[in-house]
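The block underneath contains the structure these notes are about, expressed in structure tokens.
The values are calculated or read from the model by the stated rules, or taken from the named source; none is laboratory data. Remember, it's a predicted structure, so these values are computed and weren't measured experimentally. Cβ atoms come from the backbone with ideal geometry, glycine included; neighbour counts cover every protein chain shown.
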Amino acid sequence: MITSSEMQQRRSPHALRDFVVELDDAVRANEAERHSGILKKGLYKEFLDEMVPLSIFALNAYPESHKIQPVLGNQGYDALVFDEKGTEVDRVEMTTPCDGTAKANDARLVVGRGYGKVEIGTPGDDFDALFPHVLYVCHKKAKKDYGDCTLVFAIAPMTPFESFKGKYEDQISALVSKMSQIRFKAKRVFLLVMPNRVIEVHCDRAI
């Protein structure tokens, strides 16, 4: 249901987002494919960890006249961006920090029994638990030279209840503040808070 050639086509921001949403809907409607997606088998890892957040970021970051081309592999960036003349104007490196082991274990539970691990806590606990993973990955990325790239860190904390939105905003601000203290070698650095909030991190870059 998903192929590398389809994933790597050049599309406008809206066309890219439409492709992602339509494929996601099709996968959810097919149990075997849905399970492969949950387990991130094959190309589903790149699709979920890179292409889904990329499609959201592109809508917020580039005009509709631009074309976004996801690129599979380990070349140091996950997408190329071209202007209306076909000239490359940006490269994007997507990163989705999380507790990978916990996510994988939970995915196996979902596929095996229909639901994941049951946790009890207070609103915001999941965001607090995410902090060290984000900062760890940020420091790792900061050791590499992304001078020709836009770095995007995508996170998906639980949407807060109305009465806890203040704490949620404070957590986002605290994370952005911590990230801004890291010296990245990159053109730009963004935090993407799923489902659709893009925040530029104004950090002291060492380019």
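Candidates are the residues of the stretch 142-172 that are over 28 Å from E46 (Cα atoms) and free of Cβ contacts under 8 Å to residues at least 12 places away in the same chain; the one that is farthest from the chain's Cα centre (by Cα) is S163. Of the residues T159, T101, T122, the single one that is within 19 Å of L191 (Cβ to Cβ) and modelled with pLDDT under 95 is T159.
Residue-by-condition table, conditions (1) modelled with pLDDT of 95 or more; (2) in contact with a helix residue (DSSP H, G or I) (Cβ under 6 Å, 6 or more places away or on another chain):
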site: L54; (1), (2): yes, no
site: Y62; (1), (2): yes, yes
site: P70; (1), (2): yes, yes
site: Y77; (1), (2): yes, no
site: E84; (1), (2): yes, no
site: E88; (1), (2): yes, no
site: R91; (1), (2): yes, no
site: P97; (1), (2): no, yes
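For V198, indicate whether it is under 25 Å from D78 (Cα atoms), surrounded by 18 or more Cβ atoms within 10 Å (Cβ to Cβ), at pLDDT 95 or above and not polar (S, T, N, Q). Considered against the rule, which asks whether it is under 25 Å from D78 (Cα atoms), surrounded by 18 or more Cβ atoms within 10 Å (Cβ to Cβ), at pLDDT 95 or above and not polar (S, T, N, Q), V198 comes out as no. With respect to the stated conditions, M179 fails to be aliphatic (A, V, I, L, M) and over 21 Å from E93 (Cβ atoms). Being surrounded by fewer than 13 Cβ atoms within 10 Å (Cβ to Cβ) and basic (K, R), is that true of even one residue in the stretch 169-180? No, the stretch 169-180 contains no residue that is surrounded by fewer than 13 Cβ atoms within 10 Å (Cβ to Cβ) and basic (K, R). Listed by position, the helices (runs of 4 or more DSSP H) enclosed by the stretch 4-92 that each have at least 2 residues that are among the hydrophobic types (A, V, I, L, M, F, W, C) and buried (at least 18 other Cβ atoms within 10 Å of the Cβ) are 13-28, 52-61.
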